[in-house]
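Let me begin by presenting the structure, written as structure tokens, before commenting on it.
The values are calculated or read from the model by the stated rules, or taken from the named source; none is laboratory data. Just so it is clear, the model here is predicted, and its values are computed rather than measured. Because the Cβ atoms are built from the backbone with ideal geometry, glycine has one as well, and the counts that use them run over all protein chains shown. Surface accessibility is based on the protein's heavy atoms, side chains included, excluding ligands, DNA and RNA. Shrake-Rupley method; radii C 1.70, N 1.55, O 1.52, S 1.80 Å.
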Amino acid sequence: MATIIVVTSGKGGVGKTTTSAAVSMGLAQAGHKTVVIDFDIGLRNLDIIMNCERRVVFDFVNVIQGDASLNQALIKDKRCDKLFILPASQTRDKDALTKDGVQQVLNQLKQDFEFIICDSPAGIEHGAQMALYFADKAIVVTNPEVSSVRDSDRILGILQSKSYRAENNMPPVDEHLLITRFDPARVIKGEMLSIADIEDILAVKLLGVIPESQAVLNASNNGTPVILDEKSDAGQAYQDTVARLLGDDRPHRFTEAQKKGFLQRVFGG
């Protein structure tokens, strides 16, 4: 049975698309046939991070409106044969997504895929609600700052009240918290919320902590999911995150400030 996972947040720029790309690639590398769908109609960034923008011929809206078949729109990743991308349209409005249309596409995907990752646009508007409506699991992405955490709390409320599961008295969406751009040194200085603070506010089980890292920007610019950068702290943190999503009990890393060595203390840096 396929599992639908929405990657969501209330605030923009927190790393949803980076997370969608990394998690979908990680699941596929673990042997699970996975498709990642870009719900950000009108903007479309997932295909850039996945380095397949030049291969887009048909998109999600084309499939919903019957202009193309699902097979015509799906793009197979060149690095992993178990990963596929369903890109968003840049020329349509978010209202082109309808519940019936989205459900029809998801039902088709369920026949062939183990995991369906829904990359949600920011906010609580139509496109974001369509992305989360049919979710079985949710990865709520937040930065360690008050405004981001507050907006994530709003998204949790929508998951608990306006999802398909909530409306049909089914077991609730399985919620997971992913903290991105985390810098423990700034937490010590009082410039960021601590992990404990965020957990207290949101009361959601912690799936992963992704450190602030230049590797994330480098990967995005290169069209490569950062999880493939196995030497980087961010890549390793996403590997841990995917492992936990699959049931592995791994300790959280990169959550404490590194102590400076003797030479660093003497000469700075």
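For the range 48-100, a residue qualifies if it is charged (D, E, K, R), touching a strand residue (DSSP E or B) at 6+ places or on another chain (Cβ under 8 Å) and either on the phi > 0 side of the Ramachandran plot or assigned to a loop (DSSP other than H, G, I, E, B) (or both), and the qualifying residues are D59, D77, K82. Restricting A196, A219, A234 to residues that are open to solvent by less than 70 Å² (accessible area, probe 1.4 Å) and free of Cβ contacts under 8 Å to residues at least 24 places away in the same chain narrows the list to A196. Of all residue pairs spaced 6 or more apart or on separate chains, those with beta-carbon atoms under 8 Å, a first member in the range 237-259 that is open to solvent by 70 Å² or more (accessible area, probe 1.4 Å) and a second member that is basic (K, R) are R250/R244. Considering (1) in contact with a helix residue (DSSP H, G or I) (Cβ under 8 Å, 6 or more places away or on another chain); (2) open to solvent by 20 Å² or more (accessible area, probe 1.4 Å); (3) more than 20 Å from A234 (Cα to Cα), the lone condition that A138 does not fulfil carries the number (2). From the list K16, K33, which residue is within 28 Å of R165 (Cα to Cα), crowded, with 24+ Cβ neighbours inside 10 Å and either out of contact with any Leu (no Cβ under 6 Å at 6 or more places or on another chain) or at pLDDT 95 or above (or both)? After ruling out the rest, the residue left standing is K16. Is it true that G31 is of a type in the set (G, A, S), assigned to a helix (DSSP H, G or I) and more than 27 Å from V146 (Cβ to Cβ)? For G31, the condition - of a type in the set (G, A, S), assigned to a helix (DSSP H, G or I) and more than 27 Å from V146 (Cβ to Cβ) - is not met. Condition check for L27 on (1) more than 21 Å from L217 (Cα to Cα); (2) in contact (Cβ under 8 Å) with a residue 12 or more places away in the chain; (3) surrounded by fewer than 24 Cβ atoms within 10 Å (Cβ to Cβ): one failure, at (3). The single condition among (1) surrounded by 15 or more Cβ atoms within 10 Å (Cβ to Cβ); (2) over 23 Å from P172 (Cα atoms) that A122 does not meet is (2).
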